[in-house]
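Derivation of every value follows stated rules applied to the coordinates shown; laboratory data play no part. Not measured: the values here are computed from a predicted model. For neighbour counting, all protein chains shown are included, and Cβ atoms are generated from backbone atoms with ideal geometry for every residue, glycine included.
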Amino acid sequence: MTKLVPASVILSLFILVSPAGCTMRTSDSGSPRTPAFIREHGNHLTGEASLYLQQHAHNPVDWYPWGDEALARARELDRPVFLSIGYSSCHWCHVMEEEVFAHDEVAAYLNDHFICIKVDREERPDLDTVYMNAVQAMTGRGGWPMSTFLTPDLEPFYGGTYFPRAQFMDLVEQIVAAYRDRREDIDQQAAQLAAHIAAQPVAMLNGDESLDEALITAAVDGAKERFDTRRGGFLQNQKFPTPVKWRFLLHRWRRAGDDELRDMIARTLEAMQGGGIHDLVGGGFHRYTVDPDWTVPHFEKMLYDNGQLAGLFLEAGVALSRPDFIATGSDVLDFLLREMRTAGGAFCASFDADSGGEEGSYYVWSRDDILEVAGQDDGPALAELMGVAEHGNFENSGKSVPTWRADPVLMADRYGLTPATAGALLTKYRVVLRRERDRRTAPGLDTKVVSAWNALTISALAQGYAVTGHTRYLEGAVKAADFLLSRHLRPDGSLRRTSDGDRTAGEGILDDYALLVSALLDVYQVSEDPDLQVRYLGAARALLDFARHEFQRAEGGYFMSRDQVRAPLGRPVDTFDNVTPSGLSAMHHALLAMSALTGETGYREESREDLGRWAELMRRAGIETAWMLDAVGKTLSPLYEVVIAGEPGHGDAVTLRQAYLDRLPDSAVLTMIPADGPTAPWLKLAPALAGKTVADGHATAYVCEFGACQRPVHTAPEMLQQLGLVP
């Protein structure tokens, strides 16, 4: 995958030249750890919790985890560091391991000349961000596996991504020669690059600037220019779902109205829903497609994609009155509950792209496969509906990635099927197809629990409950949230980034805190359990205040990592959205939601003041800062708090609550309180709830904006009218 960083710099790098016949140095470590010994007994990764690191624990390369031992070793021996960063479900990471790191010749050379460090980017996204920025600055592109060469002071001087074995061996020999013969040039170049990376957060700030709609309009106009009118999504050779961008555009349409924008959103979601990126048989979405038509994916399934896409489809289904989108969003949630949930109730990080050593073999079908499942009566129609043709669409294999794009008129003429009966045919055979597929070698599941990604999923489950009323979604959200609060939250108020089984690893970064705050508030809003509401609101406020104290920068914004975490090139600032919202933008959403729900205006003022500091960045980067722009939209428009007082699950309270949830406005937050009002501990957390109870013996809705409330009302039409949602 290519990861784009909008701001980059062209640095003049030295040219690595290895003289013909260059003599290789022999090991100066005196270590008996030969490649054969390491392969048998393991390297320094054997005690690590990360699945990705465990996958490399018996490589003949003498890998270290990132830590004091490896870094001290590099300084002691004055050796360059070879830093390799990847993740467990990355296809090309597996390829490089098998083709490069598993070979004794490569391992022996690396072990003799470098200190080799492996990092799981999902466990240490702060390191990944810093060194990805460096690789991007040096090469203009990036991806995983990331291969970076550092001085013993951890300053990068060369980098890239995947290298085939012969090219990699040529490269490392040249690196060794240059490090020996041109050390001064390397140190100078590394210091310049390190200074550039460290200065980036300050360079992005523009001081204080007022916010206006022009920021949002310009970003939307830029998105329209990049829109793929034929295929949906943005004009790219590879198609990524980018749910952060589409959620922003959906919110913009809901606030401002724009037929072109509505059509863009609908076209894109239809393309994803019917494309090969969507697993028709098992549910869920793959990470991206290698073609611009959304047909053939790289097959890994990431929790962060599926959590966000479930929420996007659910909200779009409500906003656009599209039951098919709601069904897709619900189906993704059911996939997550069925296949990616741990015994403790949290959610696993990812499914691998590879199955039995082959990418995609678990997911593709031949026409004969379909006929065997559905028989001669239904099989031909089902195969055509699923885009499974004789010639196939996957790597000349005669097999196909299923899609759902059949022409309904053609299907009606040929098989007598209407769109409704065609959908029923897939429903009829879907469980059978899934059962047949389960006989194959399944892709590996990385059971690592990542705080931020679980938070995104908790938010989607809360939204699923709001839209469908299915209690399994609320129960799933609560179990996952309680897992994080009991396993990842420490007594001092800090969060762990990951856990796997009984072990935790990695310090939480800004998005872990901010997204978990938002997730807890999302559950708070759909819950009617006062004890749970008070507990989650209290936990969310504590996390938010901890993050404000630990991550805030004096110059503006918030650091990605805490001060206690060693930052080799300075503490990074996560400004640009990528596959998930940036930590900075997630923090602003958490501040705004907390302010609206509690009435504490300090949170809102902090967000508004800081957003002004980033106005120039948003102007330049446009939709690459989509979620921060979404926060700007909430700042410039009314953000209502709706409080409904009444007996949970009874009479008028149900009617008022359902009227709100049927619209699912992104311009409001909701609190359900008992008929006699909130308890004293609740009021301490949310002073804005003071004085709100049932009035005149009927369930009562209060529509407020930062403490200023309209008159209490008892009917859904009145409440919706006050919200600007004319019933």
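Can you grab the distance from the C-alpha centre of region 135-208 to the C-alpha centre of region 297-352, Å, no decimals?
37
Pick out, from Ser330, His391, Leu433, the residue whose Cα sits farthest towards the positive end of the charge dipole of region 240-446, with +1 on the Cβ of Lys and Arg and -1 on the Cβ of Asp and Glu.
Selected residue: Ser330.
Quick one, what does Rg over Rh come out to for region 638-727 if you take C-alpha atoms and the Kirkwood Rh? Numbers along the way, then the final one.
Numbers: Rg = 12.0 Å, Rh = 12.9 Å.
Using only Cα positions, Rg/Rh for region 638-727 is 0.93.
Seen from all sides and averaged, what is the projected area of the convex hull of the Cα atoms in the chain, in nm²?
Details: hull surface 129.9 nm².
In nm², the orientation-averaged hull projection of the chain is 32.5.
Using Cα pairs closer than 8 Å and at least 6 residues apart in sequence, work out the relative contact order for region 199-333, in percent.
Numbers: 163 pairs, mean separation 26.0, N = 135.
Computed over region 199-333, the figure is 19 percent.
If you add up the charges near Pro717, with Lys and Arg at +1 and Asp and Glu at -1, over every other residue whose beta carbon is less than 15 angstrom from its beta carbon, what do you get?
Working: positive: Arg657, Arg663, Arg711; negative: Asp652, Asp662, Glu718.
Net local charge, Pro717 excluded: 0.
Just for the chain, what percent of DSSP beta bridges are antiparallel, to the closest 5?
Values: 40 of 55 bridges.
Percent antiparallel among DSSP bridges in the chain is about 75.
Could you tell me the center-to-center distance, by alpha carbons, between region 432-491 and region 566-628 in angstrom?
Spelled out, the Cα-based centre of one part sits 26 Å from the other.
Restricting to DSSP H runs of at least four residues, report the calculated mean residue ellipticity at 222 nm for the chain, -39500 (n - 2.57) per run over all residues, nearest 500 deg cm²/dmol. Write down the numbers at each step before the final one.
Numbers: 27 runs with 359 residues, N = 727.
Calculated from helices alone, the mean residue ellipticity at 222 nm is -15500 deg cm²/dmol.
Tell me, what are the semi-axes, in whole angstrom and largest first, of the equivalent ellipsoid of region 495-601 as set by the roots of 5 times the Cα gyration tensor eigenvalues?
Working: eigenvalues 121, 61, 29 Å².
They are 25, 17, 12 Å, listed largest first.
Could you please state, rounded to a whole Å, how far the C-alpha centre of region 216-235 is from the C-alpha centre of region 93-132?
37
Using +1 at the Cβ of each Lys and Arg and -1 at the Cβ of each Asp and Glu in the chain, identify which of Ile673, Gly612, Cys90 lies farthest towards the dipole's positive end.
Ile673
Can you give the charge dipole size of the chain about its Cα centre, rounded to the nearest 20 debye, using +1 on the beta carbon of Lys and Arg and -1 on the beta carbon of Asp and Glu?
Numbers: 69 positive and 101 negative charges, 99 e Å.
Roughly 480 debye, rounded to the nearest 20.
So how tilted is helix 510-526 from the main axis of the chain? Cα-based, degrees 0 to 90, rounded to 10.
The angle comes out near 20 degrees.
For a quick check: sort Phe351, Phe551 by the number of other beta carbons within 10 angstrom, fewest at the front. Present the calculation step by step, with values, prior to reporting the outcome.
Values: Phe351 28, Phe551 23.
Sorted ascending by nearby Cβ count, the order is Phe551, Phe351.
Taking the Cα centre of region 35-204 as origin and charging only Cβ (+1 Lys, Arg; -1 Asp, Glu), how large is the dipole, in debye to the nearest 20?
Details: 12 positive and 26 negative charges, 62 e Å.
The dipole magnitude comes to about 300 debye.
Could you list Ser50, Ser637, Ser499, Ser366 in order of exposure, starting from the residue whose Cβ has the fewest other Cβ atoms within 10 Å? Before the final figure, lay out the partial values.
Details: Ser50 27, Ser637 15, Ser499 24, Ser366 18.
Going from least to most buried by this count: Ser637, Ser366, Ser499, Ser50.
Tilt of helix 471-483 relative to the longest C-alpha principal axis of the chain, in degrees (0 to 90, nearest 10)?
50
Among Ser582, Pro648, Ile216, whose Cα lies farthest out toward the positive end of the dipole of the chain, if unit charges sit on the beta carbon of Lys, Arg (+1) and Asp, Glu (-1)?
Toward the positive end, the furthest listed residue is Pro648.
Which of Lys224/Lys634; Lys118/Lys245; Lys479/Lys634; Lys428/Lys479 have a Cα-Cα distance over 28 Å?
On the way: Lys224/Lys634 21 Å; Lys118/Lys245 32 Å; Lys479/Lys634 30 Å; Lys428/Lys479 32 Å.
In this structure, Lys118/Lys245; Lys479/Lys634; Lys428/Lys479 exceed 28 Å between Cα atoms.
Please order Arg490, Arg437 by the number of other Cβ within 10 Å, starting at the fewest. Spell out each step's value before the answer.
On the way: Arg490 11, Arg437 18.
The fewest-first ordering by Cβ neighbours comes to Arg490, Arg437.
What do you get for trypsin sites (Lys or Arg not before Pro) in region 186-295 restricted to DSSP loop and a cutoff of at most 11 other Cβ within 10 Å of the site's Cβ? Could the numbers behind the result be given before it?
Numbers: sites: Lys224, Arg226, Arg230, Arg231, Lys239, Lys245, Arg247, Arg252, Arg254, Arg255, Arg262, Arg267, Arg287; in loops: Arg230, Arg231, Arg287.
Here the sparse-neighbourhood loop sites are Arg230.
Between rounded, prolate and oblate, where does region 540-684 land on the alpha carbon gyration tensor, with a ≥ b ≥ c its root eigenvalues, rounded for a/c under 1.5, else prolate if a/b exceeds b/c?
Details: a/c = 2.69, a/b = 1.81, b/c = 1.49.
Taking the square roots of the gyration eigenvalues as a ≥ b ≥ c, region 540-684 is prolate.
What number does region 35-204 give for Rg over Rh if you use C-alpha atoms and the Kirkwood radius?
On the way: Rg = 15.1 Å, Rh = 16.0 Å.
So for region 35-204, dividing Rg by the Kirkwood Rh gives 0.94.
For region 472-545, which chymotrypsin sites (Phe, Trp or Tyr not before Pro) are in a loop by DSSP, counting at most 11 other Cβ atoms within 10 Å?
Values: sites: Tyr473, Phe483, Tyr513, Tyr524, Tyr536; in loops: none.
Sparse-neighbourhood loop chymotrypsin sites (Phe, Trp or Tyr not before Pro): none present.
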